[in-house]
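I have placed the structure first, in the form of C-alpha cells, so that the comments after it can refer back to it.
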Amino acid sequence: MAARDPRDAVITGIGLVSALADGVGDHHRLLNGNERAKPLLDTESYAPYSFHPLVEIDLGTQIPRRGDQRQMENWQRYGTYGAGLALDDAGIKGDEEVLGRTNLIVAAGGGERDPEVDSTIADGIDAADNRGAFLNEHLMNDLRPTLFLAQLSNLLAGNISLVHHVIGSSRTFMGEELGGAMALDRAHRQIRANQGDIFLVGAANNAGRPDMLLYLALGDCLWSGADVPSVWQRGGQPGGVVSGSMAAFLVIESRAHAEARGARIYAQLDGVIADRGPRDDAQKREKRLNRQRAFLEAKTGTAPIGVISAASGARDAMELERAFLTQLSEERPMAIRGASTVLGHGIEAQMPSSVALAAAALEKGTFFPPFDDSGFEDPIPAPPDVIAVSMWGYWRGEALAIIRAER
C-alpha cells in the first residue's frame, strides 16, 4: 500500500441519483446483483430518440421549501437534491461550521429554454410584417422575468449554497463532459496545494430537455430507435448518445481533515488529467494520449486495474476511446465497464457519476460484473485496488481519473 499523505484527496460523501436508482448504496447493490440492472427508458416522448428519465424521488427530503423547488428548473432540482445526498452521506449536512468552510465546484451547461415561447416565435415570425418588432414584442412579453437568471450556468451553485448553506468559495465550470472532469481536477489540485480542506464537487443533467435533445439531434449525436443496445454496441449509426437524467456530487477532503472529524473514507482521488484539442489531427491527438498513458503508468505501473469508461456512445469518439483502452489493456490486465449502458449519458455529470461508481466499488472491495455481453467487458478474477475512469466527450475533451482503494 502506498504511503498516506495528509494532503491526499479522499472521497467521503457520494450523492448519486439517476435513471437506475436513488442513492449510491442502491446503485452499488443493483449493479452487483444476479441480473443486469436496467435503467428507466422513455422511448415515446421524443421518438425516434430515447432518453433515461430520473427515478422517482422525493425532492422535499433535500429541498424542504416548496418555494425553492418552484423557482428551480429540473436540472437544478436534481443537482440540489444530489448535493444534499452527498452532504448527508459525508455527515456534514447541517453542520454550519464545516459548511462555512466547504468549497463548491459545479460543472454546468446553460439553463433550460421555454419551448412554448420558442414555438410561438418560430410559428409566427415568417408571417410577421416586421420580424424585428415581432421578436422584440414576444421576448419582452412572453419570457418570464426570471428566465435570464435561470439560464445562468452558475445558478445551480447558487441554489446549492442557499438550500444547503455551503458558503465557502464557489466555482462553476462549463465545457460539457470536460467541465465535470475539470471540476474534479480543480478540487484535487487545491487540496494537494493546501488551498482548501473540503470541497463539494459535481453536476446534474435533465435528459428530457427538448432543447438539449434538439441540439444533440441536429449534431447527429443521438441514438435513433427504441431498441437501445449497450454503449459498446452502438456502432451502426453515427449518433449513439442516449441521454441520461442524473445528479452526481462528491465530498472530497484532505486526508488530515477527514481523519480529524472521523469521516468514513470511500477511496482516494489520486489524480485527474483533463485535456482537449482537435481529434482530426492525429499528431496532436496522440500527444494528448501519450500524456494519459504516462499519467496512468506513473500512478499504477502495470498492476491490474478496473476501468469505468464514461463513453457517451457517439460513434467516432467511442471508437477512438475503445482503441485507446485496447492499447492500454495490452500493457496491463484491465477490466472495462461502460457506465452509459447503465446510467445513460449525463454530459457534465458523466465524469462525476463514473467516479462515484468507482469509489463505491472500492469502498466495498468489489468490482462490477460486465454490464453487457458485447465481449469487450471481461470478468475480473479479483477486485482491483485501483480503478481508472476514462472519459472521451461526444465531441471534444478527454480525461482520465485514478481512484485508489484505502485497503
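Bear in mind these aren't lab numbers, they're just calculated from the coordinates by the rules spelled out. The shown structure was predicted, so the numbers you read here are calculated from the model rather than taken from an experiment. Here Cβ is always computed from backbone atoms with ideal geometry, including for glycine, and neighbour counts include all displayed protein chains.
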Considering the dipole of the chain built from charges on the beta carbon (Lys and Arg +1, Asp and Glu -1) around the Cα centre, which of ILE403, MET182, ALA247 is farthest to its positive end? ILE403
Per residue of the chain, what 222 nm ellipticity follows from adding -39500 (n - 2.57) for every DSSP H run with n ≥ 4, rounded to the nearest 500? -11500 deg cm²/dmol
When a/c reaches 1.5 or more, the comparison of a/b and b/c decides; with that in mind, is the chain rounded, prolate or oblate per its Cα gyration tensor? oblate
Quick one: which of 120-133, 291-304, 309-322 comes out on top by average Cβ neighbours within 10 Å, and what's the full order, highest first? 309-322, 291-304, 120-133
Quick check on region 200-316: take the gyration tensor over C-alpha atoms, sort the square-rooted eigenvalues as a ≥ b ≥ c, and tell me if it's rounded (a/c under 1.5), prolate or oblate. oblate
In debye, nearest 20: dipole of region 200-282 around its Cα centre with unit charges on the Cβ of K, R (+) and D, E (-)? 300 debye
How big is the dipole moment of region 97-244 about its Cα centre under a simple scheme where the beta carbon of each Lys and Arg is +1, that of each Asp and Glu is -1, and everything else is neutral? Debye, nearest 20, please. 860 debye
Based on a Kirkwood Rh over C-alpha pairs, give the Stokes-Einstein translational diffusion coefficient of region 268-404 at 37 °C and viscosity 0.692 mPa s in µm²/s. 222 µm²/s
Rule-of-thumb Rg ratio for region 81-233 [Cα; 2.2 N^0.38 Å; N residues]: 1.35
Taking H as built 1.01 Å from N, whose amide H comes closer than 5 Å to the amide H of VAL241, not counting residues under 5 places away? LEU222, TRP223, ALA314
Which order, highest average first, do 18-27, 339-348 follow once you tally other Cβ atoms within 10 Å for each residue and take the mean per peptide? 339-348, 18-27
Kindly rank 197-207, 97-107, 37-47, 279-289 from highest to lowest mean number of other beta carbons found within 10 Å of each residue. 197-207, 97-107, 37-47, 279-289
Dipole check, the chain, charges on Cβ (K,R +1; D,E -1), about Cα centroid: among HIS27, TYR81, GLY262 the Cα furthest to the positive pole belongs to GLY262
Lys, Arg +1 and Asp, Glu -1 on Cβ, resulting dipole of the chain about Cα centre, debye, nearest 20: 1300 debye
Distance from the Cα centre of region 340-407 to that of region 312-337, in angstrom? 12 Å
Please state the relative contact order of region 268-404 as a whole percent: Cα pairs under 8 Å, 6+ residues apart? 39 percent
Using alpha-carbon positions, the gyration tensor of region 1-114 gives root eigenvalues a ≥ b ≥ c; with a/c under 1.5 called rounded, otherwise prolate if a/b exceeds b/c, else oblate, the class is oblate
Most positive-pole-ward Cα, GLN62, GLY168, SER50, against dipole of the chain from beta carbon charges: GLY168
